[in-house]
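Working notes, structure below.
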Amino acid sequence: MALDQSFVGRTYPPTDPYEVGREKIREFAEAVGDANPAYTDPEAAKALGHPDVIAPPTFVFAITFKAAGEVVADPQLGLDYSRVVHGDQKFAYTRPVRAGDRLTVTSTIEAIKSLAGNDILDIRGEVYDEAGEHVVTAWTKLVARAAEEA
Amino acid sequence: MTAKISYADVEVGTELPAQTFPVTRATLVQYAGASGDFNPIHWNEKFAKEVGLPDVIAHGMFTMAEAIRVVTDWTGDPGAVVEYGVRFTKPVVVPNDDQGATIEVSGKVAAKLDDNTVRVDLTATSAGQKVLGMSRAVVRLA
């Protein structure tokens, strides 16, 4: 079922702040097997010019995707999440995410397309810190595969 | 930001050290917990096959996280990454054995841009198949 085009351009309210913790960053870095000390050692991070440990580049996806979940689950949009796969992902950073950040995400539906029965949804998540400064923008393309003929 | 690679020292075609990243079922369970992505296609073989996959597959975001390590290990400072994007073209299939799968990643400088930045094009394969497309990072060098 084609999605409602009138949702293009719709922006959802900002999420409640997500507080980035050192131990959460460590847990993520360990899960991807990345021993870069900038993720776990505040002194190593400071030596690189960061005020505290920073997060690996893709860490922020957990936060933006949760925000995008609100869009995906919007019953008025009517996306069949059980058929959704992740098509593309892109990030543009003003600065790296770091421990102590309190981040909010504002999600916008950038595009809705229908291609060979697949619904394609482009969501942009703008991530800001507590001071209202831009940290990173995440673009997520979701593809809801066409349902098989019954 | 203090990348250990100098802009003046790289040219278009400069190759980054390639790396191989192992991924087993245990890796995927750990990544699910750390990332909060508990989609059963990443840990439940029965479910994965029911939805038409050959077997359990790795999180696309796990593969994306591994691929950028070729860049961040090269620059030293992960905060030097300005942009990073990928297309998920094929899944990384992870069998239920001690070996699991491997993701092989290579990268080379594709363009020198303004402001001491370069674009690095990454290639990621698993079992001989390209698993990421349009995999590009812009990184600020010293």
- Task: Summarise the partner chain shielding of B:71-82 as one whole number: the mean count of Cβ atoms from other chains within 10 Å of each residue's Cβ.
- Result: 6
- Tell me, what does the Kirkwood hydrodynamic radius of chain A come to in angstroms if you use every pair of distinct C-alpha atoms? 16.5 Å
- Note on the structure: Residue-normalised value, i.e. accessible area per residue, for segment B:7-140 at 1.4 Å probe, in Å², stands at 44 Å²
- At a 1.4 Å probe, what is the % contribution of carbon and sulfur to the accessible area of segment B:7-140? 49 percent
- Would you mind calculating the relative contact order of segment B:7-140 from Cα pairs under 8 angstrom and at least 6 residues apart, reporting the percent as a whole number? 31 percent
- Message: Please list 3J(HN,Hα) in residue order for segment B:37-43, calculated via the Karplus relation 6.51 cos²θ - 1.76 cosθ + 1.60 where θ = phi - 60°; whole Hz, with x for glycine and proline.
- Response: 9, 9, 3, x, 4, 9, 8
- Query: Within segment B:56-81, what residues put their amide N at less than 15 Å from the label point 7 Å along the Cα-to-Cβ vector of B:Asp97?
  - Reply: B:56
- Å² of accessible area per residue within chain A, as computed with a 1.4 Å probe and no ligands counted: 47 Å²
- Item | Computed label-point distance, nm, for sites A:Lys113 and B:Ser6 using a 7 Å Cα→Cβ extension | 4.4 nm
- May I ask for the accessible area buried between chains A and B, both sides summed, probe 1.4 Å, to the nearest 100 Å²? 2500 Å²
- Send over the per residue convex hull volume for chain B, Cα only, as a whole number of Å³. 104 Å³
- Message: With +1 assigned to the C-beta of every Lys and Arg and -1 to the C-beta of every Asp and Glu, and no other charges, what is the dipole magnitude of segment B:7-140 about the Cα centre in debye, to the nearest 20?
- Response: 340 debye
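The values are calculated or read from the model by the stated rules, or taken from the named source; none is laboratory data. Note that this is a predicted model, so its numbers are computed, not measured. No Cβ is skipped: glycine too gets one built from the backbone with ideal geometry, and neighbour counts run over all protein chains shown. Only protein heavy atoms, including side chains, enter the accessible area calculation; ligands, DNA and RNA are left aside. Shrake-Rupley method; radii C 1.70, N 1.55, O 1.52, S 1.80 Å.
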